[in-house]
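What follows is calculated from the coordinates using simple rules that are stated; it is not laboratory data. For clarity, every value in this text was computed on a predicted model and none was experimentally measured. Don't worry about glycine lacking a Cβ; one is built from the backbone with ideal geometry, like all the others, and counts go over all protein chains shown.
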Amino acid sequence: MSKEFMPKIISFLCKWCTYSGADLAGTNRMKYPPSILPLRVMCSSRVNPVFLIKSFLYGADGVLIGGCHPGDCHYQSGNYYTRRRFAILTTIFDSLGLESERLRLSWISAAEGTKFVRVSTEFTEKIKSMGENPAKKKIFL
């Protein structure tokens, strides 16, 4: 009997919005995949690109960043910085031959528990279809 592949998705979630949205989903007993490993950060802009690269290289099959909607950041313009960094990071991944499709950025507010569940499920299914992270095998294992 073959075991179904369950990806490990490191999720950097804004404390004020996306993490609260995930909490709302849990409070309302909505089910989302156990592949999502949430890490609470004060703002999506505080996620250093090195954190994403290290997560990916140390074995995460996918990395999700969740933040407040543009214009609604509790730190005024933090998510604009995140959006710029993410665009640069995907370009770097592509130039290194890594799969930038394993990275995702989503704007999810505290009231959008349903959206958090949808994004988590969609991203998990996408990573499942891509298979295990190939960089993990080449570099560390």
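List of remarks:
- Contact order normalised by residue count of the stretch 9-139, Cα under 8 Å, 6+ apart, percent: 37 percent
- Charged neighbours of Arg40, selected by a Cβ distance under 14 Å, balance to +1 (K, R count +1; D, E count -1).
- Positive-end extreme of charge dipole, the chain - chosen from Gln76, Gly59, Leu13 (charges on Cβ): Gly59
- Placing unit charges on the Cβ atoms only, positive for Lys and Arg and negative for Asp and Glu, gives the stretch 9-139 a dipole magnitude near 220 debye about its Cα centre.
- For trypsin sites (Lys or Arg not before Pro), the sites in the stretch 21-124 that DSSP calls loop and that have at most 13 other Cβ atoms within 10 Å are Arg29, Lys31.
- The label point for Ile92 and the one for Arg29, both projected 7 Å from the Cα toward the Cβ, are 4.4 nm apart.
- Net charge, Val117 excluded, C-beta distance under 13 Å - Lys, Arg +1, Asp, Glu -1: 0
- Environment charge of Ser106, counting only residues whose C-beta is closer than 11 Å and scoring Lys/Arg +1, Asp/Glu -1: +1
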